[in-house]
Amino acid sequence: MNKKILYKKPDCLKDKTMHYCPGCGHSLIHKLLAEIIDEYNIKDKTIFVAPVGCAVLLYDYIDCDTIEAAHGRAPATATGIKRAKPDNIVISYQGDGDLLAIGMAETVHAANRGENITVIFINNAIYGMTGGQMAPTTIIGQKTLTTQSGRNPLNEGYPIGACELLNTLKAPIFIERCSITDVKSVIKTKNVLKKAIKNQMDGKGYSFVEILSSCPTNWGLTPVEANKWIEKNMFEVYPVKNFRDIV
């Protein structure tokens with residue numbers, strides 16, 4: 001007799017319909033984080049920091065304490081929380097405009113200090129919440145509301161590789177870039193997230209996980225097309241790999 005394998009919703013994931021656009025990676029990443037929190041049994045110890053961006057309403061979906069930070073200031077807020085409550089697990093959850101534009105200083109200095117926090121960086125190469133403007137991660141030639149002829153490095157500069165940038169610093173203990181374009185990559189990403197959170201639980205120091213994620217609405221693509229666009233265009237600019245893993 002064939003047995004049906006039923007998916008059990010993580011206890012940490014609220015029973016609420018998410019507001020994200022179809023195909024957006026945030027909902028899937030929220031689910032992965034909820035599964036990990038359940039598996040580690042750290043729901044009552046976990047504190048998320050969510051700044052301005054598409055995931056600003058993260059607290060509506062993950063049943064953990066969550067603090068909203070001013071735009072770009074999540075690492076600074078996370079630093080204060082972790083230093084005041086060192087036994088808690090503090091996770092900064094940020095998008096590309098937030099982490100690499102207005103929040104560049106906070107990103108670099110928290111990493112440079114080696115704060116014992118976990119930073120999760122959602123890279124969809126565009127400003128999602130405000131309607132599709134160019135982000136620091138927008139790739140060369142990519143059309144956005146503010147680069148309607150495509151990003152030109154002579155005018156807008158080059159896309160910034162967050163992992164590559166942080167990998168020049170001495171203090172971080174874990175830096176990895178992953179994706180969620182297919183089942184295999186989703187499983188891999190969950191394992192990377194588990195490691196980054198376990199590092200904090202073990203008091204090892206600063207962990208940074210970048211996830212290449214789609215924004216079908218602002219890219220003008222279907223969810224399936226958007227995942228293929230990541231594989232065709234973003235993988236070359238942002239190679240999926242581990243940059244640092246200090247045991």
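Rule-based calculations on the coordinates, nothing more; no lab input. No experiment lies behind these values; they were computed from the predicted model shown. Note that we place each Cβ from the backbone using ideal geometry, even for glycine, and neighbour counts take in every protein chain shown.
In terms of overall dimensions, the C-alpha atoms belonging to segment 178-217 reach 38, 20, 10 Å along their principal axes, ordered largest to smallest. The length gained by stretching the chain between N112 and I187 to full extension, at 0.36 nm per residue less their Cα-Cα distance, is 24.1 nm.
Residue separation of L221 and Y7 scaled by 0.36 nm, minus their Cα-Cα distance, works out to 74.2 nm of gained length.
Divide, for segment 25-245, the radius of gyration over alpha carbons by 2.2 N^0.38 Å, where N is the residue count. Before the final figure, lay out the partial values.
Working: Rg = 16.2 Å, N = 221, 2.2 N^0.38 = 17.1 Å.
Normalised by 2.2 N^0.38 Å, the Cα Rg of segment 25-245 equals 0.95.
For segment 124-247, what Kirkwood radius comes out of the mean inverse Cα-Cα distance, in Å?
Numbers: mean 1/r = 0.0646 Å⁻¹.
About 15.5 Å for segment 124-247.
What per residue convex hull volume, in Å³, do the alpha-carbon atoms of segment 1-63 yield? Let's see the in-between values first.
Numbers: hull volume 6.7 nm³, N = 63.
Convex hull volume per residue, Cα atoms: 107 Å³.
Here the contact order of segment 108-206, divided by its residue count and restricted to Cα pairs under 8 Å and six or more residues apart, works out to 30 percent. Here the label points at K204 and H71, each 7 Å from Cα along the C-beta direction, are separated by 3.5 nm in the simple model. Spin-label pair L154-A84: with each label point 7 Å from Cα along the Cα-Cβ axis, the two points sit 5.1 nm from one another. Within the listed set L13, L154, L99, the Gaussian network model of the chain (springs between alpha-carbon atoms below 10 Å) gives the highest mean-square fluctuation for L154. Between K170 and I246, full extension at 0.36 nm per residue minus the direct alpha carbon distance yields a gain of 26.3 nm.
Helix content alone sets the calculated 222 nm mean residue ellipticity of the chain: runs of n ≥ 4 DSSP H residues at -39500 (n - 2.57) each, divided across all residues, give -9000 deg cm²/dmol. Within the listed set R73, R83, R151, the Gaussian network model of the chain (springs between alpha-carbon atoms below 10 Å) gives the highest mean-square fluctuation for R83.
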